[in-house]
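The values are calculated or read from the model by the stated rules, or taken from the named source; none is laboratory data. Just so you know, these numbers come straight off a predicted model, no measurement behind them. Cβ coordinates were reconstructed from backbone atoms using ideal geometry, including for glycine residues, and neighbour counts include every protein chain displayed.
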């Protein structure tokens, strides 16, 4: 990739037009910020119908993102995890655990984590493999010589149907859940509505669906994750149906979109870098661990999260009063030249230390489903390696218009 030094004062990460610029320009902007202004203040712009906030400091270096993530007492999540300042009600509604602080966060995460123990994850291992096999079967039957959409046929349904199965959501509802999550994460993309009215309508629909699901499992538990969470107790307290409704939005969004986009970006890069595909696929077990971490580093499916200073403090020599917003740009931290040698080279053998921050940079908000996501990526590419060895991307992807999710909406491919 050809990077061009930019005047950092000409860069505006808040401008929606920045996120429509060519990817080389965006990478050049973050590269320039890391070199010249690793902690830089930006004004906020109006998003949908929410008023512009007070502005924020952009953190573009791995070490600063790492430090803030691991100090929740100083840098809280409870005032919002996205750049825009929402009302407390909307913040909790859309954010669930990722927009909470202790002790509320600890209680809810303790309940939810009972569904993500190694024992529970191992229970879905066979289903993960079977689902990948079924999707590849369908591709082979339906698209022998035809071009088809990699996202629609493989990357999107795979993690979505897995999380739906884990939650006890009927398979007939999976398409509706996918449509809901697309609107919630694609709020700024015209393909998915692009208005606050549509966003709130969809959010209320998915919330009502989740509440009904949770209440039904509370009355009649089944062998699924919803039942485990609704009946789990911490200090004698269970999750309320309202808490489950908000967490459900977070879970199906995180459990679907992030893995879907990691797999999509991974396939795109393996097509562009056939040498890396040969290295991994020729000794799959040996390179799977590093290849998955590289795919997550490279794709950085979640582009940013925000934290807020709980007291007057200083970061990188900059004084920040209580209430200051800082935004951790994971996509930039994952390209930090001070940690990653030749960071713009996709390398499936790249050592896993230092660690990529695509699942967050540690601390209490580290991704609960990270190990499930890693396993899904391995299983899907193993199935592709064995049964679709000539699968390749045939055209440019259609990227999601977003500064939050590094999404691919559509991407053509062939299997021959």
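Could you count how many residues in segment 9-38 are farther than 20 Å from residue 342 by Cα and surrounded by 14 or more Cβ atoms within 10 Å (Cβ to Cβ)? Here the count works out to 7.
For segment 60-142, which fully contained helices (runs of 4 or more DSSP H) count at least 2 residues that are modelled with pLDDT of 95 or more and over 19 Å from the mean Cα position of the chain (by Cα)? Walk me through it before giving the result.
On the way: elements: 62-69, 88-95, 104-113, 118-123, 125-142.
Of the helices (runs of 4 or more DSSP H) lying wholly inside segment 60-142, those with at least 2 residues that are modelled with pLDDT of 95 or more and over 19 Å from the mean Cα position of the chain (by Cα) span 62-69, 125-142.
Output the number of residues of segment 1-17 satisfying the condition of being touching a residue at least 40 places away in the same chain (Cβ under 8 Å) and assigned to a helix (DSSP H, G or I). Break it down into steps so the answer makes sense when it comes.
Keep residues of segment 1-17 that are touching a residue at least 40 places away in the same chain (Cβ under 8 Å), which gives 1, 3, 13-14, 16.
Filter once more, keeping what is assigned to a helix (DSSP H, G or I): 16.
Looking only at that region, the number is 1.
Being over 14 Å from the mean Cα position of the chain (by Cα), in contact (Cβ under 8 Å) with a residue 60 or more places away in the chain and more than 30 Å from residue 397 (Cα to Cα): is that true of residue 316 here? Yes: the conditions hold for residue 316. One residue alone among 133, 107 is more than 30 Å from residue 74 (Cβ to Cβ) and surrounded by 13 or more Cβ atoms within 10 Å (Cβ to Cβ), and that residue is 133.
Summed over segment 169-189, residues that are within 17 Å of residue 152 (Cβ to Cβ) and not in a helix (DSSP H, G or I) total 2.
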